[in-house]
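Student: One structure follows; several queries about it will come next.
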Amino acid sequence: MSLNFSFLSRLALVYACFFAILCNAKYDPSDPDVSREIGVRFGPGSSGAFLAQNGMVTSSSFEATMAGLDVLRKGGNAFDAAVVVQFVLTVTEPYASGIGGGLFAVAYDSKEEEVFTLDGRETAPDAAEPDLFVGINGKVDKFSSRIDGGRAAGVPGTLAALAYLLDEYGTISMAEAVEPAARIAETGFIITEPFARNLAAHWRRLSKFPETQKLFSRPGGGPLQAGDICRNPELAATLRLIGREGVSVFYKGPIAQDIVATVNESKENPGAMSMADLADYKPIRREPVVSNYRGYTICGMDMPSSGGASLALMLNMLESQGAAFNGEWTAEQLHTLIDVQNLAFADRNAFMADSDFVSVPTDVLISKSYAQKRIGELKPNQGLSTPVSAGNPYKGVATTNATREESPYTTHFTIVDKNRNILSITSTLEQHFGCGLLVENRGFLLNNEMTDFNAHAKDSDGELTPNAPQGGKRPRSSMSPTIVLRDGKPVLALGSPGGSRIIGVTLNVLLNVFDRELELQEAINAPRVVARNRDPEIESPLYRDQALKESLEGMGYQLIDSQAVGSVQAIRINDSGWLEGAADPRREGLALGY
Ligand code: GLY
């Protein structure tokens with residue numbers, strides 16, 4: 001069963017390179033506009049963005065990228081490919097996203113020349129109350145007790161969102177869309193090193209969920225290792241059932257019954273999800289949050305994700321400072337970068353939540369005038385001491401710095417097709433392996449997205465915070481799928497996993513592209529500085545710069561040495577109209593085009 005992983009990864013690379021060269025017959029290295037190295041990325045250490053003319057897929061899974069590319073090469077569009085990629089991710093990266101979770105999509109429809117977003121966020125069951133995470137002792141359960149079992153699961157939104165994309169924009173049937181994933185689930189796929197590491201890290205936690213452990217166990221016991229084959233025939237059957245009968249089988253039929261039973265009969269923290277909760281689930285099409293930064297138009301996700309509005313606020317504050325961030329980072333620039341994130345995070349924590357349930361002053365928060373006022377709080381040569389207070393976008397809003405430890409999990413994929421339709425999708429189960437529960441007989445994991453609500457639902461004045469749990473409400477997210485336009489045309493699409501660090505990660509990469517004018521791959525590889533209204537996290541290569549570190553510490557910052565923050569998957573449409581795909585070396589990733 002066990003195969004040598006380094007051999008397999010080399011094999012995968014050779015296969016990918018071969019495939020890449022075959023597919024890139026039109027690549028002309030003598031063309032000065034496309035003189036960049038052609039290459040593929042798969043895992044840490046590889047280098048070079050991937051160049052292609054027609055279509056491009058970048059995701060965190062080899063099989064998902066290959067399946068998405070296959071759809072594009074056969075004439076499918078980016079919407080078809082996105083649905084196929086998400087189904088394959090459900091199989092090959094089952095701990096990060098899947099049909100038991102939720103997603104946000106930012107899309108460019110090239111026919112209508114418009115950006116729209118789709119909110120496929122998990123939703124609190126109708127029975128959820130603000131005291132969702134209050135234990136029998138009357139106290140809020142500690143984080144490690146909140147994340148497991150049916151109580152943490154929200155009504156899944158991913159499948160409904162995929163169905164919307166396929167119905168409204170796709171060219172293939174649901175049966176065709178599930179088939180690549182079903183085949184992989186049936187025949188098996190190779191466990192990669194990151195998969196094995198994640199599994200080992202969660203193994204003890206998963207011992208509370210024997211069905212889940214069984215799926216990911218070696219025949220002799222213990223977690224699957226890198227090089228092992230994982231098969232999931234129950235998931236193959238589930239996907240084919242959805243393909244045959246449509247998504248109603250998931251939201252109203254036998255799969256819905258199994259979801260409800262799994263959630264409510266969970267030995268660990270049973271939940272209270274009903275058939276009506278599933279039947280009522282709807283993905284919501286929303287306008288993007290739009291902001292402008294030095295001639296670029298940035299389109300992001302609106303509430304219930306705080307991603308788009310927080311990014312807009314950060315970029316507006318930076319723009320109002322005047323100077324662009326070019327060259328190597330200086331201590332002064334990092335000071336600004338850190339505190340801009342801290343200020344925006346204070347506002348995010350205080351005001352941002354599901355705007356269908358609470359009033360969110362988004363228009364004010366993303367306005368240039370508010371940013372101008374807010375950046376006035378920056379102190380020259382001195383870091384703000386955290387937590388900083390929220391601003392005052394309007395009177396009468398309860399302010400709180402309530403925040404929580406959000407996980408580095410989730411996944412992102414980006415797709416561009418030959419007609420330049422674009423999908424930028426961030427998809428999640430929240431924690432790795434979600435709430436730990438595998439839906440009975442169905443082979444997929446359920447999310448624990450309810451933990452993205454404020455478990456401490458009330459502020460110090462006893463008022464409910466905007467992100468308090470409530471039946472039918474969607475928990476605040478940080479997911480920041482983004483599409484950037486220049487002169488009305490899309491030029492860049494990107495996103496990242498990383499919990500509430502996602503926003504800062506995306507900001508770093510955007511600044512590297514916009515201001516520092518780095519090549520896309522360099523912009524992704526460059527060390528990141530992320531602040532969330534607490535001590536800033538500095539990735540190691542920058543942290544090890546003694547002079548920089550001492551200058552920042554002299555300003556009062558307590559720096560955290562961070563190994564790897566986020567995992568960006570991005571595609572850029574360059575001035576020649578070529579596609580540059582880049583995956584993040586911090587985790588697994590593969591960009592391929594044709
Ligand atoms: N669960 C991660 C997020 O939504 O931000």
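The values are calculated or read from the model by the stated rules, or taken from the named source; none is laboratory data. A quick note: this is a predicted structure, and the numbers were derived from the prediction, not measured. Using ideal geometry, Cβ is built from the backbone for each residue, glycine included, and neighbour counts are taken over all protein chains shown.
Student: Across the stretch 409-421, which residue is farthest from G488 (Cα to Cα) among those that are away from the ligand (no atom under 11 Å from the Cβ) and surrounded by fewer than 24 Cβ atoms within 10 Å (Cβ to Cβ)?
Tutor: K418
Student: Let me ask something else about it. Does A312 count as at pLDDT 95 or above and touching an Asp or Glu at 6+ places or on another chain (Cβ under 8 Å)?
Tutor: no
Student: Let me ask you something else. Just checking: which of the strands (runs of 3 or more DSSP E) contained wholly in the stretch 496-594 hold 2 or more residues that are of a type in the set (A, V, I, L, M, F, W, C)?
Tutor: Strands (runs of 3 or more DSSP E) meeting the threshold: 569-573, 579-583, 590-593.
Student: Right, here's the next one. Can you find even one residue in the stretch 153-166 that is within 14 Å of E268 (Cβ to Cβ) and within 25 Å of the chain's Cα centre (by Cα)?
Tutor: Yes, that holds for at least one residue.
Student: Could you list all residues from the stretch 221-277 that are farther than 19 Å from L159 by Cα and polar (S, T, N, Q)?
Tutor: Q225, N264, S266, N269
Student: Testing E430 on (1) more than 17 Å from G307 (Cα to Cα); (2) part of a loop (DSSP other than H, G, I, E, B); (3) within 16 Å of the ligand (Cβ to nearest atom), one condition comes back false. Which one is that?
Tutor: If we test E430 against (1) more than 17 Å from G307 (Cα to Cα); (2) part of a loop (DSSP other than H, G, I, E, B); (3) within 16 Å of the ligand (Cβ to nearest atom), just (1) comes out false.
Student: While we're looking at this one, here's another question. Being surrounded by 24 or more Cβ atoms within 10 Å (Cβ to Cβ) and within 18 Å of T482 (Cβ to Cβ) is the filter here, so list the residues in the stretch 521-538 that pass it.
Tutor: Q521, A523, I524, R528, V530
Student: Same structure, new question: Please verify whether the stretch 279-288 includes one or more residues that are modelled with pLDDT of 95 or more and over 26 Å from the mean Cα position of the chain (by Cα). Step through it out loud before you land on a result.
Tutor: Keep residues of the stretch 279-288 that are modelled with pLDDT of 95 or more, which gives 279-288.
Subset that is over 26 Å from the mean Cα position of the chain (by Cα): none.
Checked the stretch 279-288: no residue is modelled with pLDDT of 95 or more and over 26 Å from the mean Cα position of the chain (by Cα).
Student: Could you check, for the stretch 587-594, whether at least one of its residues is of a type outside the set (A, V, I, L, M, F, W, C) and either within 18 Å of L510 (Cβ to Cβ) or free of Cβ contacts under 8 Å to residues at least 60 places away in the same chain (or both)?
Tutor: Within the stretch 587-594, none of the residues are of a type outside the set (A, V, I, L, M, F, W, C) and either within 18 Å of L510 (Cβ to Cβ) or free of Cβ contacts under 8 Å to residues at least 60 places away in the same chain (or both).
Student: Here's another thing I want to ask about it. Might you let me know whether the stretch 79-97 holds any residue that is closer than 29 Å to L437 by Cα, out of contact with any helix residue (DSSP H, G or I) (no Cβ under 9 Å at 6 or more places or on another chain) and in a loop (DSSP other than H, G, I, E, B)?
Tutor: Scanning the stretch 79-97, I find no residue that is closer than 29 Å to L437 by Cα, out of contact with any helix residue (DSSP H, G or I) (no Cβ under 9 Å at 6 or more places or on another chain) and in a loop (DSSP other than H, G, I, E, B), so the answer is no.
Student: Of all helices (runs of 4 or more DSSP H) completely enclosed by the stretch 99-209, which ones contain at least 3 residues that are among the charged types (D, E, K, R)?
Tutor: Where helices (runs of 4 or more DSSP H) fall fully within the stretch 99-209 and carry at least 3 residues being among the charged types (D, E, K, R), they are 174-187, 193-206.
Student: Of everything in the stretch 115-131, what is among the aliphatic types (A, V, I, L, M) and more than 16 Å from the ligand (Cβ to nearest atom)? Give them in sequence order. Explain how you work it out, then say what you get.
Tutor: First, pick out the residues of the stretch 115-131 that are among the aliphatic types (A, V, I, L, M): 115, 118, 124, 127-128.
Of everything in the stretch 115-131, those that are among the aliphatic types (A, V, I, L, M) and more than 16 Å from the ligand (Cβ to nearest atom) turn out to be V115, A127, A128.
Student: Scan the stretch 257-277 for residues that are aliphatic (A, V, I, L, M) and buried (at least 23 other Cβ atoms within 10 Å of the Cβ) and jot them down.
Tutor: The answer is I259, V263, M273.
Student: What are the residues in the stretch 454-478 that are within 16 Å of the ligand (Cβ to nearest atom) and either in contact with a Phe, Trp or Tyr (Cβ under 9 Å, 6 or more places away or on another chain) or without any contact (Cβ under 8 Å) to a residue 60 or more places away in the chain (or both), if any?
Tutor: Matches in the stretch 454-478: N454, A455, P466, N467, P469, K473, R474, P475, R476, S477.
Student: Can you find, within the stretch 479-497, the residue that is farthest from the ligand (Cβ to nearest atom) among those that are farther than 26 Å from F345 by Cβ and either touching a Lys or Arg at 6+ places or on another chain (Cβ under 7 Å) or of a type in the set (G, A, S) (or both)?
Tutor: Per the stated criteria, the residue is G488.
Student: Given V34, V83, which one is of a type in the set (A, V, I, L, M) and at pLDDT below 95?
Tutor: Going through V34, V83 in turn, just one is of a type in the set (A, V, I, L, M) and at pLDDT below 95: V34.
Student: Does at least one position in the stretch 383-391 carry a residue that is modelled with pLDDT of 95 or more and within 16 Å of the ligand (Cβ to nearest atom)?
Tutor: Scanning the stretch 383-391 turns up no residue that is modelled with pLDDT of 95 or more and within 16 Å of the ligand (Cβ to nearest atom).
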